[in-house]
Each structure stands twice: as structure tokens, then as C-alpha cells.
Amino acid sequence: MLVGVCDFPGSYAFPPTGYGGIERWLWAVAIGAKAAGADVHLLGPAWRDDLGPNWTRRPVRLEDTEPGSAAAADLTATGYDLLVVGHEYPTLPAWRRTRDLLDCDVATFQHNPDFRHAPDAFDGERTRLYCYSPEMAERYATHQPRPELAVHLGLDEAEPPAVKGSDLVWLGRIDAEKAPHLAVRAADILGRRIRLVGPVFDRGYVERHERQFAADHVEWVGELGGSAKAAALHQAGTFVYTYARDYVEAGAAVFGEALRAGTPVAALSWREGTCAEAALCPDTGVTTVVPPEADDETAAHALAEAIARTEDLDAAAVQALGQQRFDPQRHFEALASRSC
């Protein structure tokens with residue numbers, strides 16, 4: 001099988017060194033395709049040029065290819081079996097025009113809860129959409145989505161054997177949608193230290209919760225990548241997951257990252273059928289569902305109870321399940337299959 005993994009214009013490289021969602025997912029797909037024995041072409045100019053000689057890079061984007069051009073003829077002659085792309089592309093007319101010439105399968109993962117697709121973007125067989133949670137599958141039901149847990153990888157993030165960690169860790173972009181202040185308050189209730197890992201996206205949000213974020217039990221780590229990021233997850237006792245009441249998580253990378261490191265997850269949710277419930281089981285973490293009308297203090301106490309319930313989970317068992325459930329080869333094989 002010949003697979004093209006397509007980049008897209010953005011502010012992050014492929015794969016990124018730290019934060020970056022879809023970019024890390026596309027890299028995991030490329031890794032999984034190679035592990036499955038596929039030939040892989042990294043399509044587009046945003047792919048890093050330091051990935052080594054085992055990768056074929058072609059700096060062409062389908063949407064920039066003119067019909068009848070030499071580039072279009074070259075792409076057509078290459079004979080791709082599958083293109084894996086960001087979720088916007090099956091709706092982008094210029095991209096679809098070139099893809100139709102290639103006559104190959106297309107697979108994408110829905111990483112945005114609000115993006116509106118063209119009615120004919122997916123046929124459920126040759127052009128396939130994948131969704132993480134029942135909540136997301138319901139939002140995109142008209143496009144015949146398939147259930148699948150997304151896998152995300154970065155460079156030099158191999159996980160060492162699991163150990164029983166200490167303290168708490170929260171990882172992600174720091175803004176109101178991700179609501180890390182709830183994790184900070186839950187840690188305070190328990191008398192535990194918590195490390196915040198990730199870039200600040202919303203300074204105003206941080207200022208509104210300044211007293212909580214400046215507390216002695218909070219350690220600001222900043223954005224990490226590579227082995228430093230892997231170590232932050234590996235050394236934690238529990239990964240704490242939060243998000244805002246009105247936010248819909250499309251496909252959180254953090255569940256797979258934590259579980260593959262052997263770190264159980266305590267997750268706060270505001271409704272049933274979310275990514276947390278799709279990713280976790282009683283052997284890997286605890287999800288607490290709090291009514292959205294509950295105040296922050298009530299939510300933080302419920303989250304604190306969930307954190308306490310993860311303390312008896314076995315790190316080695318968490319890692320084994322995480323590496324099975326979030327295996328890049330398994331993920332690619334699911335994306336590459338026409339059958340459900």
C-alpha cells in the first residue's frame with residue numbers, strides 16, 4: 001500500500017516539537033503506516049527536513065496543483081492507495097479536484113467540534129471520517145463517521161517502562177476552554193502538588209485565576225517536547241484532565257499520551273459520551289461526570305475524589321493497556337480499512 005500523509009498550512013512543523021494536535025496525529029499515522037509495512041510519502045512543504053533518509057518527502061500540496069500540470073500528472077502516476085489528511089480537506093474544492101484525479105481512498109479524523117463539511121465530503125467507504133467519542137459521532141452523524149481513538153506522537157517521546165509516579169500533572173494549552181484552574185483547585189483540596197505543562201494561550205484567563213495559579217502547590221513548567229515531555233508524564237502519579245462546561249473535546253491527545261506512559265487519568269466531564277469515557281476504563285482511570293450547572297467548587301471536589309480513586313491503579317497495567325489501545329500501527333490499520 002502506498003500512503004500519502006498530507007500536511008497543511010499552519011504555525012507548527014510536522015511533527016511539532018511540543019504542542020500541536022493534528023500535526024502530531026498525522027505523524028503518528030505515518031509511523032503506524034511504516035510499522036504496518038506500507039510505503040509512506042510525506043506530502044507538503046511543512047514536513048521537517050531532519051527526519052532521516054528513511055522518509056520520502058514530497059513538498060507538494062494537492063490544493064496548489066493545477067489540473068493538467070506536470071505536478072498533477074506526477075501525482076496521478078504515483079498511484080496512491082490512501083491519502084490521510086486534516087479534516088478540512090475533503091470539503092476544500094481545490095483539494096478535492098486533485099484528489100479526484102488520483103482516484104484513491106481518503107481518511108481523516110475530526111479534530112474540530114464545529115467544522116461544517118460539504119454534504120458529499122464523505123461516502124463512508126472510499127472517503128472516511130473518524131470520530132473519537134459518541135458525542136462527536138453524533139455531531140457528525142450525517143457523514144457516516146467511524147469510531148476510533150486517535151493516536152498522537154512526537155519526536156523522541158518513547159515511553160520508558162512504567163513506574164509509580166508522584167504528584168499530579170496537567171498538560172495542554174492553558175486557556176478557559178481547557179480549564180486547568182479546576183485541576184489546580186482539586187490538587188489543593190487533596191494537599192497535592194500539580195505541574196502545569198503547556199503553552200499559555202489566554203493571558204486574561206490566567207489573570208482571572210491568578211490567586212489559584214500562584215499558589216505554592218502549583219509548578220509552572222511551560223511547553224515541553226521530546227524526552228522532557230515524556231518524562232513529565234512518566235513521573236506523574238496521576239494525569240488530571242479538565243475542560244470547560246461549554247467546550248466539546250473533539251479528540252484529546254492527552255489520554256493516549258498519559259496512558260502510554262503508565263500514568264492513570266482522573267477526568268472531569270460535564271456529560272456522558274465524551275472523549276474521557278471513550279478513552280478510559282476502570283483499569284486506566286476514573287471519569288467523574290458533574291452536572292454543568294454545578295459550581296467550580298463542587299466540580300473540583302468531585303475531581304479530587306476521582307484523583308484519589310486512581311491511586312491504587314497499577315502503573316504497569318495502565319501502560320500495557322495504553323500502548324495497546326493507542327498503538328500507532330493499530331490506528332493506521334483502522335484508518336486504512338474500508339470495512340468497519
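No value in this document is a laboratory result; all are computed from the given coordinates. Remember, predicted model here, so these are calculated numbers, not experimental data. Note that we place each Cβ from the backbone using ideal geometry, even for glycine, and neighbour counts take in every protein chain shown.
Can you work out the base-10 log of I(q)/I(0) for the stretch 2-154 at q = 0.18 1/Å, using the Debye formula on its C-alpha atoms alone?
Normalising to I(0) and taking log10 leaves -1.13.
Between 0 and 90 degrees, rounded to the nearest ten: what's the tilt of helix 315-325 against the longest Cα principal axis of the chain?
For helix 315-325, the angle is close to 20 degrees.
Sorted from fewest to most neighbouring beta carbons within 10 Å, what does the list Arg185, Arg139 look like?
Arg139, Arg185
Rounded to the nearest whole Å³, what is the per residue volume of the convex hull around the Cα atoms of the stretch 234-287?
Given the Cα convex hull of the stretch 234-287, per-residue volume reads 70 Å³.
Any chance you could check the Cα centroid distance between the stretch 279-320 and the stretch 2-40 for me, in angstrom?
Comparing the Cα centres of the stretch 279-320 and the stretch 2-40, I get a distance of 31 Å.
Give the aspartates and glutamates whose C-alpha is closer than 17 Å to that of Lys229, dropping any in the same chain fewer than 8 places away, or say none.
By straight Cα distance, Lys229 reaches Glu23, Asp156, Glu157, Glu159, Asp167, Glu219, Glu257.
Going by Cα centres, the stretch 69-86 and the stretch 132-153 are how many Å apart?
After rounding, the separation between the Cα centres reads 26 Å.
For the chain, what's the radius of gyration and Dmax over Cα atoms, in angstrom?
20.4, 66
Which whole number in µm²/s is D for the stretch 131-223 by Stokes-Einstein, with the Kirkwood Rh taken over Cα pairs at 10 °C and 1.306 mPa s?
After rounding, the answer is 101 µm²/s.
Between Arg146 and residues 5 or more places away or on another chain, which pairs have amide H atoms under 5 Å apart, with H built 1.01 Å from N, and which residues are they?
Leu129, Tyr130, Cys131
Return Trp220, Trp27 ranked ascending by Cβ neighbour count within 10 Å, so the fewest neighbours appear first.
Ascending number of Cβ neighbours within 10 Å: Trp220, Trp27.
Could you derive backbone 3J(HN,Hα) for the stretch 137-152 from the dihedral phi with the Karplus parameters 6.51, -1.76 and 1.60 (θ = phi - 60°), listing whole Hz in sequence and x where the residue is Gly or Pro?
Running phi through 6.51 cos²θ - 1.76 cosθ + 1.60 with θ = phi - 60° gives 4, 5, 5, 10, 4, 5, 9, 6, x, 10, x, 6, 8, 6, 10, 10 Hz.
Okay, helix-only estimate at 222 nm for the chain: each DSSP H run of n ≥ 4 adds -39500 (n - 2.57), divide by all residues, round to 500 deg cm²/dmol; what do you get? If you can, show how the numbers build up before the last one.
Numbers: 13 runs with 115 residues, N = 340.
That comes out to -9500 deg cm²/dmol.
At 0.36 nm per residue, and after removing the present C-alpha to C-alpha distance, how many nm does the segment from Ile189 to Asp312 gain when stretched out fully?
42.4 nm
For the chain, what does the relative contact order come out to in percent, with C-alpha contacts under 8 Å and a separation of six or more?
Once divided by the residue count of the chain, the mean separation gives 19 percent.
How would you rank Arg24, Arg57, Arg211, going from fewest to most other Cβ atoms within 10 Å of each one's own Cβ?
Ordered from fewest to most neighbouring Cβ atoms within 10 Å, Arg24, Arg57, Arg211 come out as Arg211, Arg57, Arg24.
Would you please give the residues with an amide H less than 5 Å from that of His41, counting only those at least 5 places away or on a separate chain, with H modeled from the backbone geometry?
Val3, Gly4, Val5
Using DSSP loop states and a limit of at most 14 other Cβ atoms within 10 Å to flag GluC sites (Glu not before Pro), what is the longest stretch of the chain containing no flagged site?
Longest site-free region, per DSSP loop and neighbour criteria: 126-271.
By how many degrees, between 0 and 90 and to the nearest 10, does the Cα long axis of helix 22-35 differ from the longest principal axis of the chain?
70 degrees
Remind me, relative contact order of the stretch 166-323 in percent, using alpha carbon pairs under 8 angstrom and six or more residues apart?
25 percent
Can you list the trypsin sites (Lys or Arg not before Pro) in the stretch 250-335 that are in a DSSP coil and have 12 or fewer other beta carbons within 10 angstrom?
none
What are the residues whose amide H is under 5 Å from the amide H of Val286, where those residues sit 5 or more places off or on another chain and H is modelled from the backbone?
Those lying under 5 Å, H to H, from Val286 are Val265, Ala266, Ala267.
Across the stretch 243-253, in residue order, what do the Karplus-derived ³J(HN,Hα) couplings come to in whole Hz, using 6.51 cos²θ - 1.76 cosθ + 1.60 with θ = phi - 60° and x for Gly and Pro?
Using θ = phi - 60°, the values come out as 6, 7, 4, 9, 9, 10, 7, 7, x, 5, 6 Hz.
If you place +1 on the Cβ of every Lys and Arg, -1 on the Cβ of every Asp and Glu, and leave all else neutral, what size is the dipole of the chain about its Cα centre, to the nearest 20 Debye?
360 debye
Once the stretch 166-323 is represented by equal point scatterers at the alpha-carbon sites, with solvent omitted, what log10 I(q)/I(0) does the Debye formula produce at q = 0.11, 0.14 Å⁻¹?
Taking Cα atoms of the stretch 166-323 as identical point scatterers yields -0.36, -0.61.
Once the Cα atoms of helix 296-309 and of the chain are each reduced to a long axis, what angle between those two axes, in degrees from 0 to 90 to the nearest 10, is obtained?
Once rounded, the angle reads 90 degrees.
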